[in-house]
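First comes the structure, then the notes that go with it.
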Amino acid sequence: MFVFALLAMGIGGYSQTVSESTVIKRENRKGMTIKEWNTQAGSKRSFLDHVTTYDEMGRKIEEIEYASYGQKSRVVFEYPENSDITAKVLREIEYNDRDKVVRIKKFEYNEDGSKKRQLNYYPNGKLESVKTFEVIFKE
């Protein structure tokens, strides 16, 4: 059994525990950090499982995943300069447990805002793979 809790830190140190099903509206994420804690079945010891950080505009800027031994991976999200909350992610930079870059993802979007392509690069800048997205509407 996993115990799942979100700890939302707000202005002045205010904190609130919310359930997994709670959806936090984007405009309320401004400057927020969400911490997820995990407890293995049969154990009373909890460990930090995941931390998601949002900037002052409510955009996700970092996700850190932890294991019982410490940091497992980290992803940093980059947006266009001077963009608003609706801006699409331009790049994701993925780091390993030693904080070394392992992959860089760049995104291209269609005019309607849906993802068009995801280009995956090795840390040295060499293209690793390309993922293409196809949007199909049912009639």
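Details
- Search result, residues across region 106-127 that are outside any loop (DSSP other than H, G, I, E, B) and either within 19 Å of the chain's Cα centre (by Cα) or surrounded by 13 or more Cβ atoms within 10 Å (Cβ to Cβ) (or both): K106, F107, E108, Y109, K115, K116, R117, Q118, L119, N120, Y121
- Scanning region 1-54 for residues that are modelled with pLDDT of 90 or more and hydrophobic (A, V, I, L, M, F, W, C) gives M32, I34, W37, L48, V51.
- Within region 105-139, restricting attention to residues that are among the hydrophobic types (A, V, I, L, M, F, W, C) and in contact with a strand residue (DSSP E or B) (Cβ under 9 Å, 6 or more places away or on another chain), the residue that is farthest from A87 (Cα to Cα) is L127.
- Residue list for region 39-58, restricted to those being surrounded by 14 or more Cβ atoms within 10 Å (Cβ to Cβ), out of contact with any strand residue (DSSP E or B) (no Cβ under 7 Å at 6 or more places or on another chain) and either on the phi < 0 side of the Ramachandran plot or acidic (D, E) (or both): M57
- Scanning region 60-73 for residues that are touching a residue at least 12 places away in the same chain (Cβ under 8 Å) and over 17 Å from E94 (Cα atoms) yields one hit, S68.
The values are calculated or read from the model by the stated rules, or taken from the named source; none is laboratory data. Just so it is clear, the structure is predicted and the values come from calculations on it, not from any experiment. Quick reminder, even Gly has a Cβ in these numbers, built from the backbone with ideal geometry, and neighbours come from all protein chains shown.
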